[in-house]
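Working notes for the structure below.
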Amino acid sequence: MERENLYKMEKFDTLIIGGGAAGLMAAVKAAESGQNVAIAEKNHSLGEKILISGKGRCNFTNAEPDLNAFIAKYGENGKFLYSAFSKLSPHDTVGFFRRIGVESVEERGKRIFPASGGAQKVLDALIMQCKKFNVKIMRSTPVKALKVKNSKIQCVITESDEYSADKYIIATGGKSYPKTGSTGDGYLFAQQAGHTITKLFPALVPVRTKETWVKLASGCNLRNIRINVILDGKKIDERFGEMEFTNFGVSGPIVMDLSSHVPDWLEGDKELQFSLDLKPTLSHEILTERIKRDIQKFWDKRRFFGLVRSLVPSQMMNLILELSDIPEDKPVEYISDEEISELADLLKDIRMNINGLWSFNNAVVTRGGVSLKEIDPATMKSKICDNLYFAGEILDLNGPSGGFNLQICWSTGYVAGSRS
Ligand SMILES: Cc1cc2nc3c(=O)[nH]c(=O)nc-3n(C[C@H](O)[C@H](O)[C@H](O)COP(=O)(O)OP(=O)(O)OC[C@H]3O[C@@H](n4cnc5c(N)ncnc54)[C@H](O)[C@@H]3O)c2cc1C
């Protein structure tokens, strides 16, 4: 009782924990409809993650016109989003941002970016809208706990104060890139309120390999290559596009995309391999012929390393020389047909054993979160706690890169902020 007297208890219609993409969208929507809204944000600044999204350009949604195809990007859990997307679709999102001063452009892969000003423009527009509708923004205000009684939030507790509201929205993000403020606090709050958190994994994250030779090509960015995914000796998936070698494994768009499935594939001690095909448009036979032609062209003048240089990017040379049994200084005229065939095999199948993912520190998003079974998809309202709502990455939803993850935040934030 004594402790309570020290607190100033402020009361709002809606109190939002977390001032990221989802929290800001919820705040704008709630405040525009006349509610008295506050955001409690633990950082001094809002939207740190928005600012680094899309390498500072903020790929804020995707122009995929087919709603079913869009939703399919989120896998099984995607169907939870039908209702939210019916209230704020990706197309509506572009309209929403235009209304608050952010024009957009469409780029490769239907990715939508602000036409100018990058991520800062998106963040500034949201903050401006909050200010216009008198949202109380409480910076450097980490929420420590929720006070829950009879399946109802009584108030949120910060270091020095308590705040109460008719409605609380948890929009604290996931666990990925914790330096932006998303340290997973919201999962604890959700648990305090009686919610289940599904298993959490880093997603859209570089992948680790058992092989240490990957570091020989570290930093090498490859375009137009294919990765075949091999599980216990059987091909189960493939991706075509861009990848990169790192010191500990592989990264880049197609690897990040595959990373979301890696925990499932590795479950039960299975053997998971990525097979890199550097020449996916050439059959083994055509590639062999091409290598032979190259050898003929430089007959007498070249050694094996020179041949390799003509076949792969320079940053890949050391790795190919390491993996091939042919001595690097062997004159090309002495390379046998069998060796040429083995080289073609290697260029079309560089095998890597995958043994895990990088940590949450390097993950673009978190896979897993507050169980969707416990949330009403039409309102984002908890089915367990009377006055509690959720929005954004804290939910058990994640998508591939291309603007799909921020779209979760915009749509669920919009719905959570709406009157219901
Ligand atoms: C490097 C990078 C690039 C990305 N690029 C893209 C992209 O181009 N397109 C795309 O669609 N997605 C992208 N994403 C993913 C996307 O940015 C996130 O999914 C999205 O920003 C999550 O928003 P959120 O509001 O749910 O959570 P967050 O942005 O994590 O916001 C949560 C907020 O809550 C605050 N908070 C946490 N705990 C507390 C507490 N106890 N009290 C008070 N406040 C608290 C945090 O400080 C933070 O400000 C990228 C992510 C990363 C890391």
In the stretch 58-114, residue farthest from Met128 (Cα to Cα) [restricted to those that are of a type in the set (S, T, N, Q) and touching a Lys or Arg at 6+ places or on another chain (Cβ under 8 Å)]: Asn62
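Anything in the stretch 229-254 that is out of contact with any helix residue (DSSP H, G or I) (no Cβ under 8 Å at 6 or more places or on another chain) and either within 12 Å of Trp358 (Cα to Cα) or assigned to a loop (DSSP other than H, G, I, E, B) (or both)? List them, or say none.
Taking the stretch 229-254 first, the residues out of contact with any helix residue (DSSP H, G or I) (no Cβ under 8 Å at 6 or more places or on another chain) are 230, 232-235, 238, 251-254.
Across the stretch 229-254, the qualifying residues are Asp232, Gly233, Ser251, Gly252.
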Hits in the stretch 6-48 - residues which are open to solvent by less than 50 Å² (accessible area, probe 1.4 Å) and more than 25 Å from Thr379 (Cβ to Cβ): Tyr7, Asn43, Ser45
Number of the condition not met by Ala72 [criteria: (1) under 22 Å from the mean Cα position of the chain (by Cα); (2) within 15 Å of the ligand (Cβ to nearest atom); (3) open to solvent by 40 Å² or more (accessible area, probe 1.4 Å)]: (2)
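Residues checked against (1) basic (Lys, Arg); (2) loosely packed, with under 15 Cβ neighbours inside 10 Å; (3) farther than 29 Å from Ile100 by Cβ:
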position: Ala125; (1), (2), (3): no, no, no
position: Cys130; (1), (2), (3): no, no, no
position: Asn134; (1), (2), (3): no, yes, no
position: Met138; (1), (2), (3): no, no, no
position: Lys149; (1), (2), (3): yes, yes, yes
position: Ser160; (1), (2), (3): no, yes, yes
position: Ala165; (1), (2), (3): no, no, no
position: Gly173; (1), (2), (3): no, no, no
position: Ile197; (1), (2), (3): no, no, yes
Val312 vs. criteria over 35 Å from the mean Cα position of the chain (by Cα), β-branched (Val, Ile, Thr) and not assigned by TED's automatic domain parsing to the domain that holds Leu51: no
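Taking Gly23, is it more than 19 Å from Val135 (Cα to Cα), in a helix (DSSP H, G or I), modelled with pLDDT of 95 or more and within 15 Å of the ligand (Cβ to nearest atom)?
Numbers: more than 19 Å from Val135 (Cα to Cα): no; in a helix (DSSP H, G or I): yes; modelled with pLDDT of 95 or more: yes; within 15 Å of the ligand (Cβ to nearest atom): yes.
So Gly23 does not fit the description; no.
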Number of the exception - Glu103 against (1) touching a strand residue (DSSP E or B) at 6+ places or on another chain (Cβ under 9 Å); (2) surrounded by 14 or more Cβ atoms within 10 Å (Cβ to Cβ): (2)
Unique residue being assigned by TED's automatic domain parsing to the domain that holds Tyr168, touching a strand residue (DSSP E or B) at 6+ places or on another chain (Cβ under 8 Å) and more than 16 Å from the ligand (Cβ to nearest atom) when the list is Glu328, Glu393, Glu374: Glu374
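Would you point out which residue out of Tyr177, Tyr163 is of a type outside the set (S, T, N, Q), in contact (Cβ under 8 Å) with a residue 60 or more places away in the chain and under 16 Å from Ile39 (Cβ atoms)?
Details: Tyr177 fails: under 16 Å from Ile39 (Cβ atoms).
Tyr163 is the lone residue from the list that is of a type outside the set (S, T, N, Q), in contact (Cβ under 8 Å) with a residue 60 or more places away in the chain and under 16 Å from Ile39 (Cβ atoms).
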Test: residue in the stretch 129-136 that is under 19 Å from Cys409 (Cα atoms) and within 15 Å of the ligand (Cβ to nearest atom): yes
Hits in the stretch 380-392 - residues which are open to solvent by 30 Å² or more (accessible area, probe 1.4 Å) and within 30 Å of Gly252 (Cα to Cα): none
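Kindly check whether there is at least one residue in the stretch 77-88 that is in the same structural domain as Lys373 (by TED's automatic domain parsing), open to solvent by less than 60 Å² (accessible area, probe 1.4 Å) and within 12 Å of the ligand (Cβ to nearest atom).
Initially, the stretch 77-88 is screened for residues in the same structural domain as Lys373 (by TED's automatic domain parsing), giving 77-88.
Narrowing the set further to residues that are open to solvent by less than 60 Å² (accessible area, probe 1.4 Å) leaves 77-78, 80-81, 83-85, 88.
If we keep only those that are within 12 Å of the ligand (Cβ to nearest atom) too, we end up with none.
Within the stretch 77-88 (the criterion being in the same structural domain as Lys373 (by TED's automatic domain parsing), open to solvent by less than 60 Å² (accessible area, probe 1.4 Å) and within 12 Å of the ligand (Cβ to nearest atom)), the answer is no, since none of the residues qualifies.
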Residue count, the stretch 39-57 (criterion: part of a loop (DSSP other than H, G, I, E, B), near the ligand (Cβ under 6 Å from one of its atoms) and of a type in the set (A, V, I, L, M, F, W, C)): 0
Selection from the stretch 49-61 of residues that are open to solvent by 10 Å² or more (accessible area, probe 1.4 Å) and either in contact with a helix residue (DSSP H, G or I) (Cβ under 7 Å, 6 or more places away or on another chain) or under 16 Å from Asp124 (Cα atoms) (or both): Lys49, Leu51, Ile52, Ser53, Gly54, Gly56, Arg57, Asn59
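The values are calculated or read from the model by the stated rules, or taken from the named source; none is laboratory data. Since the model is a prediction, treat every value here as computed from it, not as a measurement. All Cβ positions, even for glycine, are placed from backbone atoms using ideal geometry, and neighbour counts span all protein chains on display. Calculation scope for accessible area: heavy atoms of the full protein, side chains included, ligands and nucleic acids excluded. Shrake-Rupley method; radii C 1.70, N 1.55, O 1.52, S 1.80 Å.
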